[in-house]
1. Please work out the FRET efficiency for the pair Ser24 and Ser111, using the Cβ-Cβ distance as r and a Förster radius of 35 Å; give the result to the nearest 0.05.
2. Just to confirm a number: summing +1 for Lys and Arg and -1 for Asp and Glu over residues other than Asp28 whose beta-carbon lies under 15 angstrom from that of Asp28, what do you get?
3. If amide H atoms are built 1.01 Å from N in the plane of the peptide, which residues on other chains or at least 5 residues away come under 5 Å of the amide H of Lys20?
4. Based on other C-beta atoms within 10 Å, arrange Leu106, Leu52 from fewest to most.
Amino acid sequence: MMKRDCPHCFERLEKKSLKKGLWSVDTDVCRSCNGLYLDKGELLKLTSNRPLHNITTKYLGVDSDSKLLCPGCGSIMDMESVGGVEIDVCLQCNGVWLDSDELEQLKELDSDDIEKLSPEKMAELYDANKAVPTSGILSWLFGR
Ligand SMILES: [Zn+2]
Ligand SMILES: [Zn+2]
């Protein structure tokens, strides 16, 4: 197991088990800033929010706005605005970094709110859609 450090304070992350219904999710938390690192799929378990999961597991965007390095794999993360909450997602391993309170804010989000995307986001997805030959990203993102 690779050691994981907080991308903000570089403190060693500590294991913290979060409960959501039947799920028990082992997260990594920073004691110093209360930031939280989630491996791929863990955000879905904690929020049961499928559109949110789809947005955080995209493989798009090489122009990263984020300055953070992924605690999971060391890659540069990408800033993603989801329903007004700015989260950092890793394009490499699909890990998610949440600052203090952001998990609570994400839990409040309705899946419908997430689908009301900004025009910029729609344009980005549209471009990505054209780049995907077989099944389009739009149908993958919004298809139920
Ligand atoms: Zn920290
Ligand atoms: Zn990563």
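1. Once rounded, the FRET efficiency stands at 0.95.
2. Net of charged neighbours comes to -1.
3. Under 5 Å from the amide H of Lys20: Val25.
4. Leu106, Leu52
Since every read-out is calculated from the coordinates, none of them should be taken as a lab result. Since this is a predicted model, take the numbers as computed values, not measurements. For neighbour counting, all protein chains shown are included, and Cβ atoms are generated from backbone atoms with ideal geometry for every residue, glycine included.
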